[in-house]
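Notes for the one structure printed next.
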Amino acid sequence: MAAYRAALGSRLIAGYALGSLAHGGFSPLVSDVDLGLILEDPVRANDRMTIRRAARSVRAGASALDERLSVFWGSPATLRGERRGGRFPPLDRLDLLDYGRLLTGTDMRSVVARPSPTELLVAGAEFALGYLGGATRLPDRLKRRARLRPPDDDVLTEIRTPARLVSRGPRRVTKIVLFPVRFLFTAETGQVGTNTLAARHYLATPDAPATALVAAALAWRVDPPADDEAAALLGRELIPLYVHYVDDHIARLRAVDHHRLADRFQRWRACLLA
């Protein structure tokens, strides 16, 4: 946080730990380091670059955790939804409201607008399409929002080729398995999909597929398995897990009249099963 205080000075009203740093379950092996910043209004044109430069300086540190830094930021007006600007998607805004742990400054969560269930559903679906599959068919604005990897990091190929996915290490594997579980949890409950809460909820769901994989992935966040064991389980259960998630969201998106997004999920389903 010191790097952001130095870069932003008095304009930094508050800084928060988010994600597993705030709500628990942090794993040095696989977890990201998520920070939230609230700046004075109005948002300035150079704020984005100032924050990016500070983030680059932190990521240049020797620690592996420094490289996993993600920074979300906005101002009271943008977090109330009165103005555009910043970077605080609905899912992360919900995390700030429910779990944000104040690290510096004055707690400003009372000004943050709580995202609606539809906002959470749509934001999660857009992120999933960009990060997990179907990215080449997304508009550029959604590709930027999802912070897409280069083409050789095609997640769809990894999902369909377990050995390749396992070769990327436990951090990658657990994200690919647990992201859809977390999105399912948030879509159903309107709550932040922490890994533990989401996995427990999923495992208690009658007739849910891939329960052995979900339980294993939660354990792999702390104790990675042998590669052969992980690849075999992924080969049996990862695609059924994704098809279950995609089918759930197709129905949810159509129910709130987001038919184009649902159509993209339908195309994603076809790619998974091709």
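Brief remarks on what is shown
- Which numbered condition Pro115 misses (of (1) open to solvent by less than 30 Å² (accessible area, probe 1.4 Å); (2) under 17 Å from Arg11 (Cα atoms); (3) not in a helix (DSSP H, G or I)): (2)
- Meeting the requirement of 3 or more residues that are within 16 Å of Leu91 (Cα to Cα), the helices (runs of 4 or more DSSP H) wholly within region 167-245 are 170-189, 195-203.
- Figure legend. Inter-residue proximity from region 208-226: first residues free of Cβ contacts under 8 Å to residues at least 40 places away in the same chain, second residues surrounded by 22 or more Cβ atoms within 10 Å (Cβ to Cβ) and not hydrophobic (A, V, I, L, M, F, W, C), beta-carbon distance below 7 Å, spacing 6+ or different chains. Indicated pairs: Ala208/Tyr202; Val214/Tyr202.
- Tally, over region 187-246, of residues that are under 17 Å from the mean Cα position of the chain (by Cα) and of a type in the set (Gly, Ala, Ser): 6
- In summary, helices (runs of 4 or more DSSP H) completely within region 1-91 and bearing 1 or more residues that are open to solvent by less than 50 Å² (accessible area, probe 1.4 Å) and within 30 Å of Val222 (Cβ to Cβ) occur at 2-8, 20-23, 47-59.
- Applying a threshold of 6 Å to beta carbon distances and a minimum spacing of six or more residues, or different chains, the list of pairs starting in region 235-246 at a residue that is open to solvent by 10 Å² or more (accessible area, probe 1.4 Å) and ending at one that is outside any helix (DSSP H, G or I) and not charged (D, E, K, R) reads Glu237/Ala210; Pro240/Pro209; Pro240/Ala210; His244/Pro209.
The values are calculated or read from the model by the stated rules, or taken from the named source; none is laboratory data. All values derive from a computational prediction rather than experimental measurement. Reconstructed Cβ throughout: ideal geometry from the backbone, glycine too, with neighbour counts over all protein chains shown. Keep in mind that these areas ignore ligands, DNA and RNA; they rest on the heavy atoms of the full protein, side chains included. Shrake-Rupley method; radii C 1.70, N 1.55, O 1.52, S 1.80 Å.
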